[in-house]
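Each reported figure results from applying straightforward, stated rules to the coordinates on display, with no laboratory input. All values reported here derive from a predicted model rather than from experimental measurement. So basically every Cβ, Gly included, is an ideal-geometry build from the backbone, and we count neighbours across all protein chains shown.
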Amino acid sequence: MLVTTIFFHPLNLIPFGFCMTYFWLNRDLPKQWFLGLVAFALTIVVCKIIFIKTGKFETGKFGGIKNFITLFPNYFTIPSTSFFVKELMGNYVAFLAVFVLVVAHYLRHRFCFKLALYCTGVVGYIFLVNVSYPQVVNDPYTQNLLLPIALMRALPFCFEILPLANTRLVFFVLIVLFVFRLSIIYSAHTDFSERVNYLTKVIDYTKQYPSRKFWI
């Protein structure tokens, strides 16, 4: 799975590094396992760089990193960041709630290293995506790039926050979140259904032609 993760997208090294550091700070990962996984991951990265020719599509995705220099210090005023902040009061409200809860937990117990890792990992990754694509808002590709935040947010929440709560309360909250997300998904079904219906019509229409491939 680690091989697949690293080859899937180069940015996956960031959540991987976050996970390794988190488990190291929690002492949940034996030293030999920690060093072995890190060494194995670095070996895969080196082999990929040496033996696999990277396409222009993948290398071009790193071009946005230069924006950290050209846009400095206006990271908070770019459209992508403004849109993300706006979404915190909408689609990302659950993310905001969990983030604040974990930060409050770390501050209360004075877990300084964990707090630094958590804030640096989550906030830093958000800025990495938003600054790399400053003009892109409400785009499926950038939303897809933000998915690893869910993993980095979920680790401390599942391993440290949930065990402190009553089991029945946790189950109730998860059910409420599940129903809430299903309602959000259902509310957007019209647009997706229209797209599926359109593609179905295209497929039915092109069956009359001998060729099996079409450019639309």
Calculated FRET efficiency for the pair residue 65/residue 93, C-beta based, R₀ 30 Å, to 0.05: 0.50
Of the residues 64, 36, 121, which exhibits the maximal mean-square fluctuation in a Gaussian network model of the chain defined by a 10 Å Cα contact cut-off? 36
Contour minus Cα-Cα distance for residue 199 and residue 5 (0.36 nm per residue): 66.7 nm
As a test of the formula, what do you get for the chain when each DSSP H run with n ≥ 4 contributes -39,500 (n - 2.57) and the sum is divided by the residue count, at 222 nm and rounded to the nearest 500 deg cm²/dmol? -22000 deg cm²/dmol
At a Förster radius of 25 Å, what calculated FRET efficiency corresponds to the Cβ-Cβ distance of residue 113 and residue 35, to the nearest 0.05? 0.85
Tell me, how many Å apart are the Cα centres for the range 1-56 and for the range 177-200? 35 Å
Between residue 50 and residue 147, take the C-beta separation as r, use R0 = 30 Å, and let me know the FRET efficiency to the nearest 0.05. 0.60
Stretch gain in nm, segment residue 214-residue 43, where the contour uses 0.36 nm per residue and the Cα spacing is subtracted: 57.4 nm
Compute the relative contact order of the range 77-216 as a whole-number percentage, counting only Cα pairs closer than 8 Å that sit 6 or more residues apart in sequence. 27 percent
Hey, of [x] 21.2, 69; [y] 19.4, 61; [z] 16.0, 49, which did the structure itself give for Rg and Dmax of the Cα atoms in Å when calculated? [x]
Report, in listed order, any pair from 86/114; 53/213; 66/201 with a Cα-Cα distance greater than 32 Å. 66/201
